[in-house]
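What follows is one structure encoded as structure tokens, with my remarks underneath.
Computed from the coordinates by the stated procedures, all read-outs in this text should not be read as laboratory data. Everything numeric here is computed off the predicted structure, so don't read it as measured data. Quick reminder, even Gly has a Cβ in these numbers, built from the backbone with ideal geometry, and neighbours come from all protein chains shown.
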Amino acid sequence: MPKNKHKYRFNIISALIIIIIAASVICVFLFIGEKAKNDVTSVVKNQHVEIDQKLIYQIKQSIEQEIKNTEKILITMAQIPEIRDGDTEICSTKLKKLFPALQVKWGNIGRSNNQGQFYCGVVDSIVGVDGTQYQYIRNIINDPDHHPVLGRGVPFEYKDGTKRFLVALHVPVYNLAGEFSGTLGTALYLSELEEKYLNALKEEQGSHAVLLDDNGDILYHPDPDLLGENVLTEKMQDLVAELPKLKQIWNKQLHGVVGSDEYYFRGQDKAASFDKIEISDSHHWSIAITTPLEQINSHMSSFITSTQQQLIVIVITVSLLVIIGLYVLLSWNRKLHNRVAKKTQDYLEQTQKVEQSDEKLKKTIKELEKLNKTMVGREMHMIDMKKEIEKLSKNKK
């Protein structure tokens, strides 16, 4: 009975030790998790910035490619004889016929002569307009090589009052002699670029995009109060007077710098990645993706907490399995011990019986040896008596 009590106490102590170890492991996991949270968050933040940089690079390439494709279409159209050499009626008729077939959402297509005067277009109201009032027309005319030009953003409003921008893209037109004879251009609605590449970012962890012209115009921003503003104006400079980091980012964007940085704006710490969209050698846009750091940290903290909970469940499960396994092992060991003890007891009893039998056998052997000696003595005595009788018989004769 004392032995059984000892075994029972041993089982309880073993189980308690395992529970203590499990609890210690859980505490260690929690401690390490909390300690590593900042480091992990920093790593994840850097990874998030890298992802944003790759994403923004893809968007930049897509926008650049879309502008190049539009240039190619206009250059091809500029080689059509009716557009290249036709008068107002012939040129306008051809443009109106081609325009629906292009299946593009352009504002208009207009043809100007080498003096910048528009003389044909899809929309008749453009005829007679002096294009030299626009800087981009003057640029392409005065450029000795007449490179294609993309104008600055021009604000306009839809019927619902929504404010957006359009930009004019013009390519040179050459006559059969290879001489510059004017331009062919169209109006591109930036809302089309927004729908294709920028609006989807609003749904990604609170992120949003910002499109900035190198003259400071904010061509796209989800906040209507900032859309259309110029970051170089006194109003916007006053807005960032106490926000040097944001001011630095704007300055980098205006100079076409590619990179990332963190800043504070309207009560939030944010991470921004920005890249340069090449428009021409002397003109660029800058596109940025900005994400609240709290949003990144929140997702990371949630992930870490979830991971900690999973680890705790795993540790508890393993501990229970170990306790159950130990209980089964100890039970099996107890049964095995009882069997061994019984076998040992049987063996000892058999051994004792054998030893007792051996003692009896030794005693019997001794008695037989003693009896044998007695018998031998008697036999020797009878031989001696026989000899005496024979001797007496001889003497009588």
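For segment 357-364, take each phi angle, set θ = phi - 60°, evaluate the Karplus expression 6.51 cos²θ - 1.76 cosθ + 1.60, and give the result in whole Hz per residue in order, putting x for glycine and proline.
Karplus values, whole Hz, x for Gly and Pro: 4, 5, 5, 4, 4, 4, 5, 5.
If amide H atoms are built 1.01 Å from N in the plane of the peptide, which residues on other chains or at least 5 residues away come under 5 Å of the amide H of Tyr174?
For Tyr174, whose amide H was placed from the backbone, the distant partners under 5 Å are Ser181.
So if each residue of separation counts as 0.36 nm, and I subtract the Cα-Cα distance between Lys342 and Val258, what length gain in nm does that give?
21.8 nm is the gain from fully extending Lys342 to Val258.
Kindly write out, for segment 333-339 in residue order, the coupling ³J(HN,Hα) from the Karplus curve 6.51 cos²θ - 1.76 cosθ + 1.60 (θ = phi - 60°), rounded to whole Hz, with x marking Gly and Pro.
So the Karplus estimates, Gly and Pro as x, are 5, 5, 4, 5, 4, 4, 5 Hz.
Compute the FRET efficiency between Lys196 and Gln47 as 1/(1 + (r/R0)^6), taking r as their Cβ-Cβ distance and R0 = 35 Å, and round to the nearest 0.05.
Efficiency at R0 = 35 Å is approximately 0.85.
Using Cβ counts within 10 Å as a stand-in for footprinting exposure, how do His337, His221, His170 rank, fewest first?
Listing His337, His221, His170 from fewest to most nearby Cβ atoms yields His337, His221, His170.
Efficiency by 1/(1 + (r/R0)^6): what FRET value for Lys54 and Leu232, r their Cβ-Cβ distance, R0 = 25 Å, to the nearest 0.05? The partial results should precede the final answer.
Values: r = 30 Å, r/R0 = 1.19.
My answer for the efficiency is 0.25.
Which shape class, rounded, prolate or oblate, goes with segment 321-369 when its Cα gyration tensor gives a ≥ b ≥ c as root eigenvalues, a/c under 1.5 marks rounded, and past that a/b bigger than b/c marks prolate?
prolate
Can you pull the one-decimal nm distance between simple spin-label points at Lys353 and Ile324, each 7 Å off the Cα toward Cβ?
4.5 nm
Compute the separation of the alpha-carbon centres of segment 266-280 and segment 222-246 and state it in Å as a whole number.
14 Å
Roughly what would the spin-label model give for Lys387 and Asn113, points 7 Å off Cα along C-beta, in nm?
Placing both labels 7 Å along Cα→Cβ, they lie 17.9 nm apart.
Normalising by the residue count of segment 86-198, find the relative contact order in percent from Cα pairs under 8 Å and 6+ residues apart.
In percent, rounded to a whole number, it is 24.
Listed here are the pairs Lys72/Lys105; Lys54/Lys159; Lys235/Lys276; Lys72/Lys94; Lys362/Lys387; which of them are more than 27 Å apart at the Cα?
In this structure, Lys54/Lys159; Lys362/Lys387 exceed 27 Å between Cα atoms.
Taking the alpha-carbon centroid of each part, what is the distance from segment 326-397 to segment 110-146 in angstrom?
Taking the Cα centre of each part, segment 326-397 and segment 110-146 sit 138 Å apart.
Using θ = phi - 60° and the Karplus curve 6.51 cos²θ - 1.76 cosθ + 1.60, what whole-Hz ³J(HN,Hα) does each residue of segment 92-101 get, with Gly and Pro shown as x?
3J(HN,Hα) across segment 92-101, in whole Hz: 5, 4, 5, 5, 5, 6, 6, 4, x, 5.
If a paramagnetic tag sat 7 Å from the Cα of Asp87 along the Cα-Cβ line, which residues of segment 126-160 would have the backbone N under 20 Å from that point?
126-129
Under 20 Å between alpha carbons, and skipping anything fewer than 8 positions from Lys247 in its own chain: which aspartates and glutamates qualify?
Asp213, Asp214, Asp217, Asp223, Asp225, Glu229, Glu234, Asp238, Asp261, Glu262, Asp269, Asp275
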